1. Exactly which GluC sites (Glu not before Pro) in region 9-65 are in a DSSP loop and have at most 13 other Cβ atoms within 10 Å?
2. Place a point 7 Å from Cα of Tyr51 in the direction of its Cβ. Which residues in region 4-29 have their backbone N less than 13 Å from it?
3. Students often get this wrong: which residues of region 46-63 have the backbone nitrogen under 15 Å from the point 7 angstrom along Cα-to-C-beta of Thr4?
4. Compute a Gaussian network model of the chain, connecting alpha carbons closer than 10 Å, and tell me which residue from Cys15, Cys45, Cys37 fluctuates the most.
5. Cα convex hull of region 7-68: how many Å³ per residue?
6. Amide H neighbours of Gly30 under 5 Å, at least 5 residues apart or on other chains, H built in the peptide plane: list them.
7. So what are the ³J(HN,Hα) numbers for region 41-55, from phi and the Karplus equation (6.51, -1.76, 1.60; θ = phi - 60°), rounded to whole Hz, Gly and Pro as x?
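Derivation of every value follows stated rules applied to the coordinates shown; laboratory data play no part. Computed from a predicted structure; not experimentally measured. No Cβ is skipped: glycine too gets one built from the backbone with ideal geometry, and neighbour counts run over all protein chains shown.
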Amino acid sequence: MPETIQFHDQGCAFCREFWISNSDQPKLIGVSLEYQCHLYRCGVCSSWWEYGSNYPHVIDEDLAHRIAVTVEPGLS
Ligand SMILES: [Zn+2]
């Protein structure tokens, strides 16, 4: 089992706030159908966030890159 990081220890104040109220971080990178999640990245602390069927949580860089290659390109 991966170690669980407490929510208040994830990301930074800006991107944690996003899920609770209205902050402009993190930015949505895209939606991955393969991973069934939305991938976000905080421009302040560079944390990657995954928001799928569970609560949003910070993920490590390796996983973020694996998800990033599967995301649908955003609408231009
Ligand atoms: Zn952050």
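1. Glu34
2. Zone members listed by number: 15-29.
3. 54-58
4. Comparing Cys15, Cys45, Cys37 in the GNM, the peak value goes to Cys45.
5. Spread over its residues, the Cα hull of region 7-68 gives 74 Å³ apiece.
6. Those lying under 5 Å, H to H, from Gly30 are Leu39.
7. 9, 7, x, 8, 10, 6, 6, 9, 10, 10, 10, x, 7, 9, 4
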